[in-house]
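Structure first, then comments.
The values are calculated or read from the model by the stated rules, or taken from the named source; none is laboratory data. Predicted model only: the values in this text are computed from it and were never measured. No Cβ is skipped: glycine too gets one built from the backbone with ideal geometry, and neighbour counts run over all protein chains shown.
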Amino acid sequence: MSAKLLHLPLMEDQLKDLRAGDRVELTGSLYTARDAAHKRMIETLEVGGILPFPIVGQTIYYVGPTPAKPGQVIGSAGPTTSGRMDLYAPKLIELGLKGMIGKGRRQKAVKDAMKEYKAVYFAAVGGAAALIARSIKKSEVIAYHDLGSEAIYRLEVERFPVIVINDIYGADLYEEGEKNYRIKP
Amino acid sequence: MDDIRKAVKNMCMDANYHLGSDMLETFRSALAEEESTVGKEVLEQLVENAEIASTQKVPMCQDTGMVVAFVELGQDCRIIGGGLYDAINQGIREGYQEGYLRNSIVKDPLQRYNTGDNTPGVIHLELVQGDECTIHLTAKGFGSENMSRLQMMKPADGMEGVKDFVIETVRLAGPNACPPMIVGVGLGGNFEMSAYLAKKSLLRPVGDRNEREDIAQLEKELLEKINQLGLGPQGMGGRTTALDVHVEVYATHIAGLPVAVNINCHASRHKTAVL
């Protein structure tokens, strides 16, 4: 099964062809954010402020990289557990966020928002952080510097390997995969 | 004290760069047996990732963990030049700084300010015979730590109750705990002892069985049942959900059956130094 190549930012048309379980390689720019950055973004919206980057069509990667060694673009940069962002994700999806990259299950509210507003959740391989870092070609902190590894970075990626977990049709690879391989006692 | 500081510093870096050979071998044998295409793809990425991390001396995972040190201090061993805990924390500080490892520790669980040097670690001290000081160090990621559970079961729940609880914990953990995982089980003792045993069991190499025949049998059975869950590598479906199960037991109270399950991700990082 060869990987589908996709360019970021994502267009709704591109999402129509994606199905849970597809292997995808992403090229283009995306933004990083973890718990602390999400909390701050939502708080900003609540007081009528604007987000640190235009969110329409964008993809957020849930990651807190290690410090870059001299000569490196970025340190090791694998996905963190997405569930911690579930509280904040539906609002961002409603505002136009099209892709999320992380690992682990999403709550129903997030899955519903993905279906309603057409967004996709990809998983990168948790713990494959040194491998993933090789597909990151540029890295720049664009907001929340004070959060350190939790700041918002803009990353330029080339053929970043991910797998579709939740597509716009409501399918979930975690549920399907477990069902397909479960051996009933 | 200086020897302890240096040993801890080196172990912090080594543990994060170099995955144990027991783990690598297990990845390869799992790869041969895995039926799911996406599962195979994940395992291939993990093998490649471990190779990159080791050759380039970069962390295999961006969650470089909270340091847990198990110190077995010989009762005839004397530490000179300062405190044991200070030496360990200083070693962590230097290892995380020099090794370009991520600082993941906040000073207070509610206020959440990063300490900026990955200290303090969690230190367990055991007094043993002899004049050596052995330090087992692990860098424990929180994706898997967060999916761990503890239950004070009833004696009547017995063996079946214990098995069900362990398997259910793994099922609930699923993709969040970064499978293929290592499952550590602490059985007996009291509330905190069971958790301590579960964590300590994760120090054992993959494939190592408990010395007690019945417990070794339990480990094998749990591993088999967990791998029937179908979660597979990264929870995307497949045969390889756990690479091993380690169970440690301790005496307990007539009224109790504490069971703790501590899950470790596939980046099972631990090193040992004898001083």
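Name, by its number, the condition in (1) in a helix (DSSP H, G or I); (2) within 16 Å of the chain's Cα centre (by Cα); (3) within 14 Å of another protein chain (Cβ to nearest Cβ); (4) not polar (S, T, N, Q) that does not hold for residue B:22.
Of everything listed in (1) in a helix (DSSP H, G or I); (2) within 16 Å of the chain's Cα centre (by Cα); (3) within 14 Å of another protein chain (Cβ to nearest Cβ); (4) not polar (S, T, N, Q), residue B:22 misses just condition (3).
Conditions first: (1) on the phi > 0 side of the Ramachandran plot; (2) of a type outside the set (A, V, I, L, M); (3) crowded, with 17+ Cβ neighbours inside 10 Å. Residue A:28 passes all but one, so which condition is the exception?
Every listed condition holds for residue A:28 apart from (3).
Tell me which residues, restricted to the stretch A:5-25, are over 16 Å from residue A:163 (Cβ atoms) and among the basic types (Lys, Arg).
The one that is over 16 Å from residue A:163 (Cβ atoms) and among the basic types (Lys, Arg): A:16.
Which condition breaks for residue A:17 when tested against (1) under 21 Å from residue B:41 (Cβ atoms); (2) crowded, with 21+ Cβ neighbours inside 10 Å?
(2)
Please count how many residues of the stretch B:201-230 are farther than 21 Å from residue B:140 by Cβ and in contact (Cβ under 8 Å) with a residue 60 or more places away in the chain.
The number of residues fulfilling the criteria is 2.
Which count do you get for residues in the stretch A:50-75 that are under 16 Å from the mean Cα position of the chain (by Cα) and within 14 Å of another protein chain (Cβ to nearest Cβ)? Talk me through it step by step, then tell me what you get.
Just the residues of the stretch A:50-75 that are under 16 Å from the mean Cα position of the chain (by Cα), to begin with: A:53-65.
Add one more test, that the residue is within 14 Å of another protein chain (Cβ to nearest Cβ), and what stays is A:61-65.
Here the count works out to 5.
Restricting to the stretch A:82-106, what's the tally of residues that are touching a residue at least 24 places away in the same chain (Cβ under 8 Å) and within 12 Å of chain B (Cβ to nearest Cβ)?
Here the count works out to 8.
Conditions first: (1) surrounded by 24 or more Cβ atoms within 10 Å (Cβ to Cβ); (2) without any contact (Cβ under 8 Å) to a residue 24 or more places away in the chain; (3) not acidic (Asp, Glu). Residue A:145 passes all but one, so which condition is the exception?
(1)
State whether one or more residues within the stretch B:40-59 are surrounded by 19 or more Cβ atoms within 10 Å (Cβ to Cβ) and not in a helix (DSSP H, G or I).
yes
Condition first: in a strand (DSSP E or B) and hydroxyl-bearing (Ser, Thr, Tyr). Now tell me which residues in the stretch B:234-262 satisfy that. Lay out the reasoning, then the answer.
Quick first cut of the stretch B:234-262, residues in a strand (DSSP E or B) only: B:242-252, B:257-262.
Correct list: B:250, B:252.
Please go through the stretch A:32-49 and give me each residue that is over 28 Å from residue A:125 (Cβ atoms) and within 10 Å of another protein chain (Cβ to nearest Cβ), ordered by number.
Of everything in the stretch A:32-49, nothing turns out to be over 28 Å from residue A:125 (Cβ atoms) and within 10 Å of another protein chain (Cβ to nearest Cβ).
Could you list all residues from the stretch B:33-50 that are more than 9 Å from chain A (Cβ to nearest Cβ) and closer than 22 Å to residue A:161 by Cα?
Filtering the stretch B:33-50 for residues more than 9 Å from chain A (Cβ to nearest Cβ) gives B:33-34, B:40, B:43-44, B:47.
Selection gives B:34, B:40, B:43, B:44, B:47.
Out of (1) crowded, with 20+ Cβ neighbours inside 10 Å; (2) in a strand (DSSP E or B), the odd one out for residue B:64 is which?
So residue B:64 meets the others, but not (2).
Among the residues of the stretch B:108-138 satisfying the criterion of being β-branched (Val, Ile, Thr) and assigned to a loop (DSSP other than H, G, I, E, B), which is surrounded by the fewest Cβ atoms within 10 Å (Cβ to Cβ)?
As a first pass, look at the stretch B:108-138 and keep what is β-branched (Val, Ile, Thr): B:115, B:119, B:122-123, B:128, B:134-135, B:138.
Filter once more, keeping what is assigned to a loop (DSSP other than H, G, I, E, B): B:115, B:119.
Numbers: B:115: 14, B:119: 18.
That would be B:115.
Determine whether the stretch B:263-275 contains at least one residue that is part of a strand (DSSP E or B), closer than 27 Å to residue A:172 by Cβ and either within 14 Å of another protein chain (Cβ to nearest Cβ) or β-branched (Val, Ile, Thr) (or both). Show your work before the answer.
Of the stretch B:263-275, the ones part of a strand (DSSP E or B) are B:263-264, B:270-274.
If we keep only those that are closer than 27 Å to residue A:172 by Cβ too, we end up with B:263-264.
Those left that are additionally either within 14 Å of another protein chain (Cβ to nearest Cβ) or β-branched (Val, Ile, Thr) (or both): B:263-264.
Scanning the stretch B:263-275 turns up at least one residue that is part of a strand (DSSP E or B), closer than 27 Å to residue A:172 by Cβ and either within 14 Å of another protein chain (Cβ to nearest Cβ) or β-branched (Val, Ile, Thr) (or both).
For the stretch A:76-100, enumerate the residues that are among the acidic types (Asp, Glu) and over 15 Å from the mean Cα position of the chain (by Cα).
First, the residues of the stretch A:76-100 that are among the acidic types (Asp, Glu): A:86, A:94.
Listed by number, the list holds a single entry, A:94.
Of these, A:152, A:165, which one is of a type in the set (A, V, I, L, M) and either over 17 Å from the mean Cα position of the chain (by Cα) or more than 10 Å from chain B (Cβ to nearest Cβ) (or both)?
On the way: A:165 fails: either over 17 Å from the mean Cα position of the chain (by Cα) or more than 10 Å from chain B (Cβ to nearest Cβ) (or both).
Just one listed residue meets the conditions, A:152.
Evaluate the following for residue B:238: is it buried (at least 24 other Cβ atoms within 10 Å of the Cβ), over 30 Å from residue B:130 (Cβ atoms), touching a helix residue (DSSP H, G or I) at 6+ places or on another chain (Cβ under 9 Å) and among the small types (Gly, Ala, Ser)? Break it down stepwise before answering.
Values: buried (at least 24 other Cβ atoms within 10 Å of the Cβ): yes; over 30 Å from residue B:130 (Cβ atoms): yes; touching a helix residue (DSSP H, G or I) at 6+ places or on another chain (Cβ under 9 Å): yes; among the small types (Gly, Ala, Ser): yes.
So residue B:238 passes the test.
What number of residues within the stretch A:138-149 are of a type outside the set (Ser, Thr, Tyr), assigned to a strand (DSSP E or B) and within 14 Å of chain B (Cβ to nearest Cβ)? Can you show your working first?
Pass one, the stretch A:138-149, residues of a type outside the set (Ser, Thr, Tyr): A:138, A:140-143, A:145-148.
If we keep only those that are assigned to a strand (DSSP E or B) too, we end up with A:138, A:140-143.
Within this subset, residues satisfying the condition of being within 14 Å of chain B (Cβ to nearest Cβ) are none.
Number satisfying all stated conditions: 0.
Can we say residue B:162 is more than 30 Å from residue B:103 (Cβ to Cβ), surrounded by 23 or more Cβ atoms within 10 Å (Cβ to Cβ) and either without any contact (Cβ under 8 Å) to a residue 12 or more places away in the chain or not aromatic (Phe, Trp, Tyr) (or both)?
Values: more than 30 Å from residue B:103 (Cβ to Cβ): yes; surrounded by 23 or more Cβ atoms within 10 Å (Cβ to Cβ): no; either without any contact (Cβ under 8 Å) to a residue 12 or more places away in the chain or not aromatic (Phe, Trp, Tyr) (or both): yes.
When the stated conditions are applied, residue B:162 does not pass them.
So which residues in the stretch A:107-137 are in contact (Cβ under 8 Å) with a residue 60 or more places away in the chain, away from chain B (no Cβ under 14 Å) and surrounded by 24 or more Cβ atoms within 10 Å (Cβ to Cβ), if there are any at all?
Once the filter is applied, which keeps residues that are in contact (Cβ under 8 Å) with a residue 60 or more places away in the chain, away from chain B (no Cβ under 14 Å) and surrounded by 24 or more Cβ atoms within 10 Å (Cβ to Cβ), the stretch A:107-137 yields A:119, A:120.
When both residues are 6+ apart or on different chains and their Cβ atoms are under 9 Å apart, which pairs have a first residue that lies in the stretch B:116-140 and is in the same structural domain as residue B:68 (by TED's automatic domain parsing) and free of Cβ contacts under 8 Å to residues at least 60 places away in the same chain, and a second that is acidic (Asp, Glu) and loosely packed, with under 13 Cβ neighbours inside 10 Å?
Partner pairs satisfying both residue conditions: B:129/B:76; B:130/B:76; B:131/B:76.
Can you say whether residue B:231 is assigned to a strand (DSSP E or B) and crowded, with 20+ Cβ neighbours inside 10 Å, as far as the supplied structure shows?
Working: assigned to a strand (DSSP E or B): no; crowded, with 20+ Cβ neighbours inside 10 Å: yes.
So residue B:231 does not fit the description; no.
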